[in-house]
Amino acid sequence: MNFIPTTLSGCFIIEPKIISDERGYFMESFNEKAFQIGVNQDVHFVQDNQSFSSKGVLRGLHYQTGNHAQAKLVRVLSGEVLDVAVDIRPESETFGQHVSILLSAENQKQFFVPRGFAHGFLVLSETATFFYKCDNFYNKESEGGIIYNDATLNIDWQFRSQNLIISEKDTYLPTLENAKKAW
């Protein structure tokens, strides 16, 4: 696997080594030892999640706070999404900055989002199956979120806002300035 650092400290794009022939392909999608060396962090995943969504569905920006904060390793099993991570670590030099990446079944890239980041994605294909590992269990009382169109974040979702499909809950998320603190 190739670990590519992003402009946000701790976030990595991970490109697998794909072995292809006339039968199809093989790749190692996760190896804990290689992963920990590649991201230079001791991360142990405890839960896998999967979602299926239609074109225009935007999920996020979500995070967990305090002792329930989560690191995520995300990938797309079918379709294509725009995946976004926002640094919400108050002591970080890149607080309030974001990075986005196209993840697809075709490119097989993965994205590591460490603790202290808000995360969301937008489905660009007709449908997408999204898969992610978490290093901590979900805790409802520790939920946090930031509205997807926060003007200070200025995220280019590459999609017309009137065509977005957003849960009612996510339409009422606060701005970064008014969001629940990560720590």
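Of all residues being of a type in the set (Ser, Thr, Tyr) and closer than 18 Å to Phe95 by Cα in segment 122-162, which is surrounded by the most Cβ atoms within 10 Å (Cβ to Cβ)? Just the residue, please.
Among residues in segment 122-162 that are of a type in the set (Ser, Thr, Tyr) and closer than 18 Å to Phe95 by Cα, the one surrounded by the most Cβ atoms within 10 Å (Cβ to Cβ) is Tyr148.
Which condition number does Val46 fail, the rest of (1) more than 28 Å from Leu153 (Cα to Cα); (2) surrounded by 13 or more Cβ atoms within 10 Å (Cβ to Cβ) being met?
Here Val46 meets the rest and fails (2).
Say whether the condition of being of a type in the set (A, V, I, L, M), assigned to a strand (DSSP E or B), touching a strand residue (DSSP E or B) at 6+ places or on another chain (Cβ under 7 Å) and under 28 Å from Ile18 (Cβ atoms) is met by at least one residue in segment 157-165.
So far as segment 157-165 goes, no, none of its residues is of a type in the set (A, V, I, L, M), assigned to a strand (DSSP E or B), touching a strand residue (DSSP E or B) at 6+ places or on another chain (Cβ under 7 Å) and under 28 Å from Ile18 (Cβ atoms).
For segment 41-86, which residues satisfy the criterion of being of a type in the set (Val, Ile, Thr) and not in a strand (DSSP E or B)?
Those that are of a type in the set (Val, Ile, Thr) and not in a strand (DSSP E or B): Val43, Val46, Thr65.
Determine which member of the set Gly66, Gly56, Gly38 is under 18 Å from the mean Cα position of the chain (by Cα), under 30 Å from Lys140 (Cβ atoms) and not aromatic (Phe, Trp, Tyr).
Selected residue: Gly56, the only one of Gly66, Gly56, Gly38 that is under 18 Å from the mean Cα position of the chain (by Cα), under 30 Å from Lys140 (Cβ atoms) and not aromatic (Phe, Trp, Tyr).
In segment 5-38, how many residues are exposed (fewer than 10 other Cβ atoms within 10 Å of the Cβ) and either among the small types (Gly, Ala, Ser) or in a strand (DSSP E or B) (or both)?
3
With the requirement that a residue be farther than 17 Å from Thr7 by Cβ and either crowded, with 24+ Cβ neighbours inside 10 Å or within 12 Å of the chain's Cα centre (by Cα) (or both), what does segment 104-116 give you?
Gln110, Arg115 - these are the residues of segment 104-116 that are farther than 17 Å from Thr7 by Cβ and either crowded, with 24+ Cβ neighbours inside 10 Å or within 12 Å of the chain's Cα centre (by Cα) (or both).
Which one is surrounded by the fewest Cβ atoms within 10 Å (Cβ to Cβ), of the residues in segment 81-99 that are over 15 Å from Gly144 (Cβ atoms) and among the charged types (D, E, K, R)?
The residue in question is Glu91.
Got at least one residue in segment 114-135 being among the polar types (S, T, N, Q), assigned to a strand (DSSP E or B) and more than 15 Å from Gln50 (Cα to Cα)?
No - not one qualifying residue is present in segment 114-135.
A quick yes/no check of all residues on (1) of a type in the set (Asp, Glu); (2) closer than 26 Å to Val46 by Cα:
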residue	(1), (2)
Pro114	no, yes
Gly144	no, yes
Leu153	no, no
Arg160	no, no
Glu168	yes, no
Thr171	no, no
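No lab work stands behind these numbers, since they all come straight from the coordinates. If you're wondering where the values come from, they're calculated on a predicted model, not measured in any experiment. Here Cβ is always computed from backbone atoms with ideal geometry, including for glycine, and neighbour counts include all displayed protein chains.
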